[in-house]
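Enquirer: Below are the structure tokens for one structure; questions will follow.
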Amino acid sequence: MNTQPSKPINFIDLKAQREYLGVKIDNAINNVVNSCAFVMGPQVREFEAQMAQFAGAKYTLSCANGTDAIALPLMAWGVGEGDAVFCPSFTFAATAEVIPWGGATGVFVDVLQDTYNMDPDHLVASIEKVIADGKLTPKVVIAVDLFGQPADYPKIRAICDKYGMKLISDSAQGFGCTLNGKHPIEWADCQTASFFPAKPLGCYGDGGAVITNSQEDWDLMDSLRVHGKAVAGDLAGKTFDHDPKYMNMRIGMNSRLDTIQAAVLIEKLAIFAEEIEKRNAIAAYYYEGLKDVCVAPVVIEGGVSNWAQYTIEVPNRDGLMAYLRENGVPSAAYYPIPMHVQGPYLGFENTGYGILPITEHKADVVMSLPMHPYLDKETQDYIIAKIKEFLVK
Ligand SMILES: *Cc1c(COP(=O)(O)O)cnc(C)c1O
């Protein structure tokens, strides 16, 4: 027992999933190639409908990546100059990056010690500060389901309602997570997902989606993802003596999901619920094996994580990562440098060291372990044993 597995240990094992899905993937891709409907083929609409159903929402709009998926609702709502958009600093850059695109100002919010997700009290304090300063109007909150754990949506929704703000759930990593049996779209105005290959629901390239219950937002974002094309709402009650296809009603972008990616995602979504269960069993096994030697983030009560990452906190993080590497165990530090101390983001509010103490502390101590639905117990036993060997010395 606890001898090194004969096969190399992967941080994420996309090959195992590809083998599990087998010929279904070959057929899905071949069908698209043979149909030559490479852009906006029927699989795109089919996948959008299935994704909406999975999330318990009315609509899904697919797009080119999980970054555009956050930008699209901000564009649709006209968020720009003079508007404040609140997001965590302990996240992947994309969450914050899209805020200045339209001219809005980002405001970084600290996270909770136990769940790593947005601290509702600090959110309120930051909103009040922006109001007191009188320069910006609080418009949108972007909550992140970090590492797959649902944020505290009931509290954050109530805060958004109180201040008349919109709520985006950045579920790029967290799509599939639930709180009290509901997906984040139950509380958010839009929930976004990324299909980057390493995310729990990844495709074979880049891809993303926005989930919404608003027909109006869906229409607007449908226009924005194709260069501001005229959509039903723009054409209603009007007649034209030319094809309205090349009428551009607003400044948009080109952000479509490739048909091949949609076809791959249809196959992956079909096994996604089963994969989330497997991920939860693997996370529980890590937790049991490691609970005496290190801290792991807590999933909010009533929440189910998709365990995009299994993360632990250790004081000598870099030492343990090096030790694991020597022993053939890959690991990663997400995220070692908080957004609010990085040069390009210093124009946001709440920037600089000392401002978000919990975020700054987490950045120094967190590391993530190999995690994917096909991780076997022997490999986990070995990883757990190596961690203990290092920590209990
Ligand atoms: C990956 C990620 C994104 C961006 O997704 P892409 O598909 O890579 O553009 C946004 N937010 C978070 C929290 C992410 O982890």
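The values are calculated or read from the model by the stated rules, or taken from the named source; none is laboratory data. Because the structure is a prediction, the values reported are computed rather than measured. Ideal geometry is used to build each Cβ from the backbone, glycine not excepted, and the neighbour counts take in all protein chains shown. Keep in mind that these areas ignore ligands, DNA and RNA; they rest on the heavy atoms of the full protein, side chains included. Shrake-Rupley method; radii C 1.70, N 1.55, O 1.52, S 1.80 Å.
Enquirer: Looking at the stretch 312-393, what helices (runs of 4 or more DSSP H) fall wholly within it and have at least 1 residues that are farther than 23 Å from Gln149 by Cβ?
Expert: Filter on the stretch 312-393 gives 317-326, 377-391.
Enquirer: A further question follows. Could you tell me which residue of the stretch 249-295 is most open to solvent (accessible area, probe 1.4 Å), considering only residues that are more than 24 Å from Thr67 (Cα to Cα) and outside any helix (DSSP H, G or I)?
Expert: Asp292
Enquirer: Taking into account only those residues within the stretch 162-182 that are over 16 Å from Trp77 (Cβ atoms) and away from the ligand (no atom under 16 Å from the Cβ), which is least open to solvent (accessible area, probe 1.4 Å)?
Expert: Among those that are over 16 Å from Trp77 (Cβ atoms) and away from the ligand (no atom under 16 Å from the Cβ), it is Leu179.
Enquirer: Does any residue of the stretch 141-155 turn out to be away from the ligand (no atom under 16 Å from the Cβ) and of a type in the set (Asp, Glu)?
Expert: Yes: the stretch 141-155 contains one or more residues that are away from the ligand (no atom under 16 Å from the Cβ) and of a type in the set (Asp, Glu).
Enquirer: Right, something else. For the stretch 219-248, what are the residues that are open to solvent by 40 Å² or more (accessible area, probe 1.4 Å), in contact with a Leu (Cβ under 9 Å, 6 or more places away or on another chain) and either among the aliphatic types (A, V, I, L, M) or within 20 Å of Thr192 (Cα to Cα) (or both)?
Expert: Leu220, Met247
Enquirer: Can you tell which of Gly102, Gly82, Gly78 is more than 16 Å from the ligand (Cβ to nearest atom) and out of contact with any helix residue (DSSP H, G or I) (no Cβ under 9 Å at 6 or more places or on another chain)?
Expert: Gly82
Enquirer: Considering Pro88, Pro73, which residue is under 14 Å from Lys166 (Cα atoms), surrounded by 21 or more Cβ atoms within 10 Å (Cβ to Cβ) and within 16 Å of the ligand (Cβ to nearest atom)?
Expert: Matching residue, one of Pro88, Pro73: Pro73.
Enquirer: Of everything in the stretch 324-339, what is over 17 Å from Gln380 (Cα atoms) and open to solvent by less than 60 Å² (accessible area, probe 1.4 Å)? Give them in sequence order.
Expert: Ala333, Tyr335, Pro338, Met339
Enquirer: What single numbered condition from (1) over 30 Å from Lys15 (Cα atoms); (2) at pLDDT 95 or above fails to hold for Tyr204?
Expert: Condition (1) is where Tyr204 drops out.
Enquirer: For the stretch 56-67, how many residues are open to solvent by 20 Å² or more (accessible area, probe 1.4 Å) and near the ligand (Cβ under 10 Å from one of its atoms)?
Expert: Matching residues across the stretch 56-67 total 3.
Enquirer: Out of Gly347, Gly354, I need the residue that is touching a Pro at 6+ places or on another chain (Cβ under 9 Å), open to solvent by 30 Å² or more (accessible area, probe 1.4 Å) and within 28 Å of Gly134 (Cβ to Cβ). Which one?
Expert: The unique qualifying residue is Gly347.
Enquirer: Is it fair to say Leu136 is buried (at least 24 other Cβ atoms within 10 Å of the Cβ), more than 30 Å from Ala273 (Cα to Cα) and either among the small types (Gly, Ala, Ser) or more than 16 Å from the ligand (Cβ to nearest atom) (or both)?
Expert: When the stated conditions are applied, Leu136 does not pass them.
Enquirer: Out of the residues in the stretch 197-210 that are more than 27 Å from Cys160 (Cβ to Cβ) and among the hydrophobic types (A, V, I, L, M, F, W, C), state the one that is farthest from the ligand (Cβ to nearest atom).
Expert: For the stretch 197-210, the residue satisfying everything is Cys203.
Enquirer: Would it be correct to say that Tyr310 is buried (at least 16 other Cβ atoms within 10 Å of the Cβ) and over 16 Å from Val365 (Cα atoms)?
Expert: Criteria not met by Tyr310.
Enquirer: Do you know which residues across the stretch 7-34 are touching a residue at least 24 places away in the same chain (Cβ under 8 Å) and among the polar types (S, T, N, Q)?
Expert: Passing the criteria: Asn10, Gln17, Asn31.
Enquirer: Sticking with this structure for a sec: Consider Glu97 against the criteria (1) touching a residue at least 40 places away in the same chain (Cβ under 8 Å); (2) closer than 27 Å to Tyr310 by Cα; (3) not aliphatic (A, V, I, L, M): it satisfies all of them except one. Which criterion is unmet?
Expert: (1)
Enquirer: How many residues, within the stretch 357-393, are open to solvent by less than 20 Å² (accessible area, probe 1.4 Å), among the hydroxyl-bearing types (Ser, Thr, Tyr) and touching an Asp or Glu at 6+ places or on another chain (Cβ under 7 Å)?
Expert: Counting residues in the stretch 357-393 that are open to solvent by less than 20 Å² (accessible area, probe 1.4 Å), among the hydroxyl-bearing types (Ser, Thr, Tyr) and touching an Asp or Glu at 6+ places or on another chain (Cβ under 7 Å) gives 1.
Enquirer: Something else: Tally up the residues in the stretch 196-213 that are under 11 Å from Val264 (Cα atoms) and open to solvent by 40 Å² or more (accessible area, probe 1.4 Å), please.
Expert: Selection size over the stretch 196-213: 1.
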